[in-house]
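The values are calculated or read from the model by the stated rules, or taken from the named source; none is laboratory data. Owing to the predicted nature of the structure, the values given are computational and were not obtained by experimental measurement. A quick note on method: Cβ atoms are made from the backbone with ideal geometry, for glycine too, and the neighbour counts reach across all protein chains shown.
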Amino acid sequence: MKIKKILVSQPQPNTEKSPYFDIREKYSVKIDFRPFIKVEPVSTKEFRAQRILLHDYTAVIFSARHGIDHFFRLCEELRTPVPESMKYFCTSETVAVYLQRYIQYRKRKVFFSPTGKLPEFVTVLNKHAEEKFLLISSDVNNEELFSTLEKSKIKFRKTVMYKTVSNDFTSKKELKYDMILFFSPKGIDSLIKNFPDFEQGNMRIGCFGQTTAQAVKDAGLRLDLVAPQPGVPSMTMALDNYLQEHNKKPKK
């Protein structure tokens, strides 16, 4: 069955450079974005339990604007001043620009991937390998970023500054999609919570990360696509390969 309509269980990218938009044009498919999870803050008590001293680090890694908000929120609540010398590394230009809400934006202290892709981001980090990196994260790993950093030579420590919980949908309309992509076990939990009578049928399910894959199987659902795989490090690359195989030949 040809795939015509895909649901990505994440917020819509804020940049047209996203590979999802390239896939949309290449295969003439409709791609919707609908987050299945939402963000809640980690308390100062919960943060202190991680035994992390913010002033021990010279650089911060952000993969989302939520991370920026909660980093500066916790610094304020803990009365920990952020030094002027702190460097900020962002996975995309969109995230980097968001820093202007909190700091004076200067190129010598803000760095980002020029393409928004992780291989280029690792290249940027490697140019500053002497820094002590702190990765700002939610309680659910961004597995694509985390696995990429672990495979690189970058030394970093992860800290949880916000939590992801199930997003309650006001509309209980049927999910009329040919494929849904998930990125965390909590996304699967949210699917079951919001759509308790969900039946997969011919719908394809794809996911990123082995923990999410296991959650799909534990929920009694069929897993049709999983990333990363050898030579296929990202969900968008895996989706591109899948559509190339299952859809008609893409337009030239």
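Filtered by the rule that a residue be outside any loop (DSSP other than H, G, I, E, B), under 21 Å from the mean Cα position of the chain (by Cα) and within 25 Å of Glu130 (Cβ to Cβ), the stretch 49-88 gives Ala59, Val60, Ile61, Phe62, Gly67, Ile68, Phe71, Phe72, Tyr88. If you filter the stretch 224-252 down to residues that are aliphatic (A, V, I, L, M) and out of contact with any Gly (no Cβ under 8 Å at 6 or more places or on another chain), you find that the one that is surrounded by the most Cβ atoms within 10 Å (Cβ to Cβ) is Leu243.
Any residue at all in the stretch 203-211 that is in a helix (DSSP H, G or I), closer than 23 Å to Val42 by Cα and at pLDDT 90 or above?
Within the stretch 203-211, the subset in a helix (DSSP H, G or I) is 210-211.
Keeping just the survivors that are closer than 23 Å to Val42 by Cα gives 211.
Applying the additional criterion that residues be at pLDDT 90 or above yields none.
So far as the stretch 203-211 goes, no, none of its residues is in a helix (DSSP H, G or I), closer than 23 Å to Val42 by Cα and at pLDDT 90 or above.
Scanning the stretch 183-204 for residues that are of a type in the set (A, V, I, L, M, F, W, C), surrounded by 15 or more Cβ atoms within 10 Å (Cβ to Cβ) and either within 14 Å of Lys38 (Cα to Cα) or in contact with a Lys or Arg (Cβ under 8 Å, 6 or more places away or on another chain) (or both) gives Phe183, Ile188, Leu191. Residues of the stretch 54-64 that are crowded, with 18+ Cβ neighbours inside 10 Å and of a type outside the set (S, T, N, Q): Leu54, Tyr57, Ala59, Val60, Ile61, Phe62, Ala64. When Arg73, Arg51 are checked against the criterion of being surrounded by 13 or more Cβ atoms within 10 Å (Cβ to Cβ), basic (Lys, Arg), under 20 Å from Tyr162 (Cα atoms) and not assigned by TED's automatic domain parsing to the domain that holds Ala238, a single residue qualifies: Arg73.
Taking every residue in the stretch 189-202 that is more than 15 Å from Ser9 (Cα to Cα) and pairing it with any residue that is surrounded by 14 or more Cβ atoms within 10 Å (Cβ to Cβ), at least 6 positions away or on another chain, the pairs with Cβ-Cβ distances below 6 Å are Gln200/Leu221.
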